[in-house]
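Chemist: A single structure is presented below for examination.
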Amino acid sequence: MVLLPLGCGTPRGGEAQGADPGAGEERGEAEEVTVTETDRETGVEVRADFAQADEVREWGAVNDVVMGGVSSSSIRASGEGTAVFSGEVSLENNGGFASVRSQPRDWGLEGARGVALRVRGDGKSYKLNLRTDDAFDGVTWQAAFATRAGEWETLRIGFEELEPRWRGRVVRDAGELAPGRVRTLGLLISDKQEGPFRLEVDWIGSWR
């Protein structure tokens, strides 16, 4: 993972309305994603622009309640052109994770070298999740990233850093990730990080 030295500051402007995070509810397939802008400092093509209210509404929560846990999370518009993934991780009932994911679409990652994201965290560690099918459950390509509390950071995660996992276990025979087949983007907090969390996201993109 590469941390770009852009320092702190405010995200791009633009007001977005609140969104119902749902609970992993499946909806109709979204339109193919288009590049909304390119960050001039990083050369990143923005794929998920959370200044757009429609983008926030295309994401929903999938927490450990699916396996008996009681963790909670949501993703909502901040009112400042960003989205906030927040909630509380509980280790009760053998739980311990909270996540959000996009609805399936063609993210246009063919030929890209990796995923970039601009975030402001709380000092906890999170994971980027990519999926190459539209199923609710299955292999997830995953990479962890750390955050610095209260600071905006732009991170780059190369596709070679992503590891195929299924329910926490490494999938040895998954082959290589095909970026052009990526259908779902997601964010996850786990690793026994009990308690409240907050990750603000300006955008998610790619670079070539």
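Chemist: Check segment 138-153 and report whether any residue there is under 21 Å from residue 72 (Cβ atoms) and among the charged types (D, E, K, R).
Modeler: Within segment 138-153, not a single residue is under 21 Å from residue 72 (Cβ atoms) and among the charged types (D, E, K, R).
Chemist: Tell me which of these residue 133 doesn't satisfy, since it passes every other one: (1) free of Cβ contacts under 8 Å to residues at least 24 places away in the same chain; (2) acidic (Asp, Glu); (3) closer than 19 Å to residue 102 by Cα.
Modeler: (1)
Chemist: Moving on to the next point. Among the candidates 109, 130, which residue alone is on the phi < 0 side of the Ramachandran plot, part of a loop (DSSP other than H, G, I, E, B), modelled with pLDDT of 95 or more and aliphatic (A, V, I, L, M)? It would help to see each step written out before you state the result.
Modeler: Values: 130 fails: part of a loop (DSSP other than H, G, I, E, B).
Residue meeting the stated conditions: 109.
Chemist: I've got another one for you. I'd like the full set of residues that are of a type in the set (D, E, K, R) and surrounded by 19 or more Cβ atoms within 10 Å (Cβ to Cβ), limited to segment 151-169.
Modeler: Taking segment 151-169 first, the residues of a type in the set (D, E, K, R) are 151, 153, 156, 160-161, 163, 165, 167, 169.
Of everything in segment 151-169, those that are of a type in the set (D, E, K, R) and surrounded by 19 or more Cβ atoms within 10 Å (Cβ to Cβ) turn out to be 153, 156.
Chemist: Pairs, please: C-beta under 7 Å, at least 6 apart or cross-chain, first residue modelled with pLDDT under 95 and assigned to a loop (DSSP other than H, G, I, E, B) and in segment 168-183, second surrounded by 14 or more Cβ atoms within 10 Å (Cβ to Cβ) and not basic (Lys, Arg)?
Modeler: As it stands, the answer is 171/139; 171/164; 174/139; 174/164, since those pairs meet every condition given.
Chemist: Answer yes or no: is there a residue in segment 75-95 that is touching a residue at least 24 places away in the same chain (Cβ under 8 Å), part of a loop (DSSP other than H, G, I, E, B) and among the aromatic types (Phe, Trp, Tyr).
Modeler: For segment 75-95, residues touching a residue at least 24 places away in the same chain (Cβ under 8 Å), part of a loop (DSSP other than H, G, I, E, B) and among the aromatic types (Phe, Trp, Tyr): absent.
Chemist: For segment 41-64, how many residues meet the condition of being at pLDDT 95 or above, among the hydrophobic types (A, V, I, L, M, F, W, C) and outside any loop (DSSP other than H, G, I, E, B)?
Modeler: Result for segment 41-64: 5.
Chemist: Which is closer than 18 Å to residue 83 by Cβ, under 14 Å from the mean Cα position of the chain (by Cα) and aromatic (Phe, Trp, Tyr), of 141, 107, 152? Don't jump to the end; show me each part of the working.
Modeler: Details: 141 fails: closer than 18 Å to residue 83 by Cβ; 152 fails: under 14 Å from the mean Cα position of the chain (by Cα).
On inspection, the qualifying residue turns out to be 107.
Chemist: Give me the pairs, please: first residue somewhere in segment 147-164 and assigned to a loop (DSSP other than H, G, I, E, B), second residue anywhere and modelled with pLDDT under 95, beta-carbon distance under 6 Å, and either six or more positions apart or on two chains.
Modeler: Here the result reads 151/8, each pair linking segment 147-164 to a residue that is modelled with pLDDT under 95.
Chemist: Checking residue 27 against (1) modelled with pLDDT of 95 or more; (2) in a loop (DSSP other than H, G, I, E, B); (3) basic (Lys, Arg), which test does it fail?
Modeler: (1)
Chemist: Checking the structure you have, find out if any residue of segment 167-184 is among the aliphatic types (A, V, I, L, M) and within 16 Å of residue 116 (Cα to Cα).
Modeler: As a first pass, look at segment 167-184 and keep what is among the aliphatic types (A, V, I, L, M): 170-171, 174, 177-178, 182.
Imposing the further condition that a residue be within 16 Å of residue 116 (Cα to Cα) reduces the set to 182.
Looking for residues that are among the aliphatic types (A, V, I, L, M) and within 16 Å of residue 116 (Cα to Cα), one finds at least one in segment 167-184, hence yes.
The values are calculated or read from the model by the stated rules, or taken from the named source; none is laboratory data. Worth saying up front: this structure is predicted, and the values here are computed from it rather than measured. Note that each Cβ is placed from the backbone with ideal geometry, even for glycine, and that neighbours are counted across all protein chains shown.
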